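Below is one structure; the comments refer to it alone.
The values are calculated or read from the model by the stated rules, or taken from the named source; none is laboratory data. What you see is a predicted model, and the numbers here were worked out from it, not measured in a lab. Glycine also receives a Cβ, built like all others from the backbone with ideal geometry; neighbour counts cover every protein chain displayed. Protein only, heavy atoms only, side chains kept; ligands, DNA and RNA dropped before computing areas. Shrake-Rupley method; radii C 1.70, N 1.55, O 1.52, S 1.80 Å.
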Amino acid sequence: VAYLNRAVGSAGAAFRAVGLREDGAAPPDEDPVDALCVSPHQPADPVLEPAAIEDINTAIAYHAKHFEASDPHGQLVALCNIGLCHSRLGDFTRAIAYAQQALQLAIDLKSPESQCVVVGNLALASGELGDWDTARACMDKHLQLARDLHNVQAESLACYHLGQIANKHGNFEDASRFFEEARRIATMAGERGMLKLINCSIGVANGNMRMAEYMRQLVAPEY
C-alpha cells in the first residue's frame, strides 16, 4: 500500500510503495508483485497534531497536482495516495470515494496488481465505517488477487484481515480458521513480525469461541 511520506511531494516513495512508476511500469530494482500488499491496519490517530494535519492536507494538494499532470497510470497512483491521506485524517467516506475512482482506473488499465492494492484499501476503509459486508467482499477479492499474483505476503495479510472481520461479526470459528491460514502462509514466508500479530489474534479468537460456548451452556434450557 502506498504510504504517506511526511516530506511533502515525495512521489517516488509513493510509486515504490504501490510498485509503479509514473509511467505504470514496475521500478527497475523491484518486483511489482512483492511491492503490493495491504499492511496490518493501524487506525487513524484519535487526535492528530496540527502540524501533522497541515502536512497531510499539503500532501493532498500535491497529489492532486500529480493527478492533473499525469497519464492514467500516474493518476491511479495519485488517487490511491489522496485516499490514503483522507484515511489518515479519519475521513473514510472520502477515502472510499477516491479508492473507488482508483479501482475503476485499475480495471480500465487491466492491472491486477493495482486492483489488489485498491480493493485492500477499500476493505479497510469500509471496515472503519462499520460496513462489514463490503469490507468482507473487498478483502475476499484482495485475497483472490494476491493468490493469483503469488504474493504470499499480501495473501497472509488478507487472511489476517478476514479473520479480524469475522471476529467483528462474531464468527469466531471462521476467524480462527482465517488466522490459522494466515499463520501457515506467514510461517512459509518467514514473516516473523507478522507471526507475532497472528498468534495473538488466534489466542483472542479461540478465547472468544470458548466464551461463546460457555454462554450457550448458561442459557441452554434444562430438562
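In the condition set (1) under 25 Å from D71 (Cα atoms); (2) open to solvent by 30 Å² or more (accessible area, probe 1.4 Å), T93 is compliant with all but (1). Within segment 41-68, restricting attention to residues that are in a loop (DSSP other than H, G, I, E, B) and open to solvent by 50 Å² or more (accessible area, probe 1.4 Å), the residue that is modelled with the highest pLDDT is E49. For segment 158-173, the set of residues classified as farther than 13 Å from L143 by Cα and either open to solvent by less than 20 Å² (accessible area, probe 1.4 Å) or assigned to a helix (DSSP H, G or I) (or both) consists of Q164, I165, A166, N167, K168, H169, F172, E173, listed by residue number. No other residue among S176, S126 is open to solvent by less than 10 Å² (accessible area, probe 1.4 Å), of a type in the set (S, T, Y) and part of a helix (DSSP H, G or I) apart from S126.
For segment 199-209, state whether one or more residues are open to solvent by 40 Å² or more (accessible area, probe 1.4 Å), touching a residue at least 24 places away in the same chain (Cβ under 8 Å) and either touching a Lys or Arg at 6+ places or on another chain (Cβ under 7 Å) or among the aliphatic types (A, V, I, L, M) (or both). Among the residues of segment 199-209, at least one is open to solvent by 40 Å² or more (accessible area, probe 1.4 Å), touching a residue at least 24 places away in the same chain (Cβ under 8 Å) and either touching a Lys or Arg at 6+ places or on another chain (Cβ under 7 Å) or among the aliphatic types (A, V, I, L, M) (or both), which makes the answer yes. If the condition is being modelled with pLDDT of 90 or more and open to solvent by less than 40 Å² (accessible area, probe 1.4 Å), then segment 179-197 contributes F179, A182, I185, A186. Can you run down the residue pairs with Cβ atoms below 9 Å, 6 or more apart or on separate chains, where the first is in segment 181-198 and over 14 Å from C159 (Cα atoms) and basic (K, R) and the partner is surrounded by 14 or more Cβ atoms within 10 Å (Cβ to Cβ) and modelled with pLDDT of 90 or more? Pairs found: R192/A186. Being open to solvent by less than 30 Å² (accessible area, probe 1.4 Å) and either more than 28 Å from A186 (Cα to Cα) or basic (K, R) (or both) is a property that does not hold for A135.
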